[in-house]
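Below is one structure; the comments refer to it alone.
The values are calculated or read from the model by the stated rules, or taken from the named source; none is laboratory data. Model, not experiment: these values are computed from the prediction. Here the Cβ is made from the backbone with ideal geometry for all residues, glycine too, and neighbour counts use every protein chain on show. For the accessible areas, the whole protein counts, side chains as well, though only heavy atoms, and no ligand, DNA or RNA atoms are used. Shrake-Rupley method; radii C 1.70, N 1.55, O 1.52, S 1.80 Å.
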Amino acid sequence: MNAQVPIPQVPIRAEAPAPVGLLAELTHRCPLRCPYCSNPLELDRRSGELDTATWQRVLTEAAGLGVLHVHLSGGEPTARNDIVEITKTCADLGLYSNLITSGVGGALAKLQPLYDAGLDHVQLSVQGVDARNAEKIGGLKNAQPQKMEFAAKVVELGLPLTLNAVIHRGNIHEVEGFIELAVRLGAKRLEVAHTQYYGWAYVNRAALMPDKAQVDASIRIVEAARERLKGQLVIDLVVPDYYAKYPKACAGGWGRKLMNVTPQGKVLPCHAAETIPGLEFWYVTDHSLAEIWRDAPAFTAYRGTDWMQEPCRSCDRRERDWGGCRCQALALAGDAAATDPACSLSPLHAKVRALAVEEAAETPPDYVYRTIGSNIRSPLKEDA
Ligand code: SF4
Ligand code: FES
């Protein structure tokens, strides 16, 4: 049993309900280079990362704010030497900890100490089912056997395992295979998450965009498997925005449920918020998490519905999807306050859908791999 740390309670204004989750991007360092990575195009370097004591203070403030879940993420969070210490702090504070990992490099060696420190859950990314395809997508040779060994160890320890499969035209033919893999590995949950096109995925959109028939087939496969595997495997399905009727409530609504802390301590309402020009972000090194949640200009900018334009402003779904994704609205409409063009009610929707159809019909270009310091096309790295 871990010692309990006293948690200061922070009053929250009615218009800013307490956040449920904190995404702790502990580092942008990562052995993989997935072409759909949601991290920013400009990655934080190791020299600028927050130290252990600051992360522990941030976690204490998060618990005081009412946060329940902490997602220990990156990059690859196990690349941090203090990942076990940080996980133990979560356990001491009563925060549910979820390790979001690639399972390669040093991840396996840290699994037992993480378990001993009180880790609650593991989310393992899988790029493909066929090893050759998976390693081409992740940009790292010998990654697949490491992932399989890692998954087996997670299950052996009795930790709940979720597999996360980001789906695109390079692996959409493997959806059935992902389901079989999840069952074989003993995962409790599988996320079949069609790529969201911002960050690196926006750069690689033409290489990643599947066609509508492929998307429809993948949805049918998931629906059939959900029936077949009831009680054994939960399958979450995130459908691709460009082919959807209505958008998702991105991040659960801007400034409503989540806080995202970058490796350098900048606090974002969603992982792609830095793509929106003119937003003012505050740092955990200058402000408490409670101040940031309540008052940081980036958090108040699109909270609620006052900022909305038509058709969102008078739409009866406005408090269900909160107008969709601000970052996607900026990328596609050139205005972060516009209705997300993924919405069928947006005047730009037909154009965006046509773009997706056109890109999916073309021969896919090579991936532009994610690399700290540059975004060049390059061959596979030789090893983890
Ligand atoms: Fe959602 Fe706006 Fe579309 Fe209505 S118009 S469904 S609020 S994105
Ligand atoms: Fe920023 Fe959707 S990714 S609001």
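What's the total number of residues in the range 302-325 that are of a type in the set (Lys, Arg) and surrounded by 15 or more Cβ atoms within 10 Å (Cβ to Cβ)?
Number satisfying all stated conditions: 3.
Check the range 236-245 and report whether any residue there is closer than 30 Å to Phe150 by Cα, more than 16 Å from ligand 2 (Cβ to nearest atom) and open to solvent by 10 Å² or more (accessible area, probe 1.4 Å). Even if it seems obvious, please write down each step before you answer.
Looking only at the range 236-245, we keep the residues that are closer than 30 Å to Phe150 by Cα, and these are 236-240.
Filter once more, so that each one left must be more than 16 Å from ligand 2 (Cβ to nearest atom): 236-237.
Still in the running and open to solvent by 10 Å² or more (accessible area, probe 1.4 Å): 236-237.
Among the residues of the range 236-245, at least one is closer than 30 Å to Phe150 by Cα, more than 16 Å from ligand 2 (Cβ to nearest atom) and open to solvent by 10 Å² or more (accessible area, probe 1.4 Å), which makes the answer yes.
All but one of (1) open to solvent by 20 Å² or more (accessible area, probe 1.4 Å); (2) within 13 Å of ligand 1 (Cβ to nearest atom); (3) outside any helix (DSSP H, G or I); (4) touching a helix residue (DSSP H, G or I) at 6+ places or on another chain (Cβ under 7 Å) hold for Thr339; state the number of the condition that does not hold.
Evaluating Thr339 over (1) open to solvent by 20 Å² or more (accessible area, probe 1.4 Å); (2) within 13 Å of ligand 1 (Cβ to nearest atom); (3) outside any helix (DSSP H, G or I); (4) touching a helix residue (DSSP H, G or I) at 6+ places or on another chain (Cβ under 7 Å) leaves (1) as the failure.
Given the structure, is Leu190 within 19 Å of Gln127 (Cβ to Cβ), at pLDDT below 95 and either not small (Gly, Ala, Ser) or not in a loop (DSSP other than H, G, I, E, B) (or both)? Give the steps one after another, and end with the answer.
Working: within 19 Å of Gln127 (Cβ to Cβ): yes; at pLDDT below 95: no; either not small (Gly, Ala, Ser) or not in a loop (DSSP other than H, G, I, E, B) (or both): yes.
It is false that Leu190 is within 19 Å of Gln127 (Cβ to Cβ), at pLDDT below 95 and either not small (Gly, Ala, Ser) or not in a loop (DSSP other than H, G, I, E, B) (or both).
Which residue out of Glu274, Glu310 is of a type in the set (Asp, Glu) and either within 14 Å of ligand 2 (Cβ to nearest atom) or closer than 22 Å to Gly21 by Cβ (or both)?
Glu274
So the check is Cβ under 6 Å with 6+ separation or different chains; which pairs have a first residue in the range 188-215 that's under 16 Å from Tyr243 (Cα atoms) and of a type in the set (Val, Ile, Thr) and a second one that's away from ligand 2 (no atom under 14 Å from the Cβ) and part of a helix (DSSP H, G or I)?
Sorted first by the residue in the range 188-215, then by its partner, the pairs are Val192/Val222; Thr195/Leu208; Val215/Tyr243.
Please identify the pairs in which a residue from the range 356-368 that is among the aromatic types (Phe, Trp, Tyr) has its Cβ atom under 6 Å from the Cβ atom of a residue that is not in a loop (DSSP other than H, G, I, E, B), counting only partners at least 6 apart or on another chain.
Tyr367/Ala207
Which residues, taken from the range 77-116, are of a type in the set (A, V, I, L, M) and assigned to a loop (DSSP other than H, G, I, E, B)?
Narrowing the range 77-116 to residues of a type in the set (A, V, I, L, M): 79, 83-84, 86, 91, 93, 95, 99-100, 104, 107-109, 111, 114.
Once the filter is applied, which keeps residues that are of a type in the set (A, V, I, L, M) and assigned to a loop (DSSP other than H, G, I, E, B), the range 77-116 yields Leu95, Val104.
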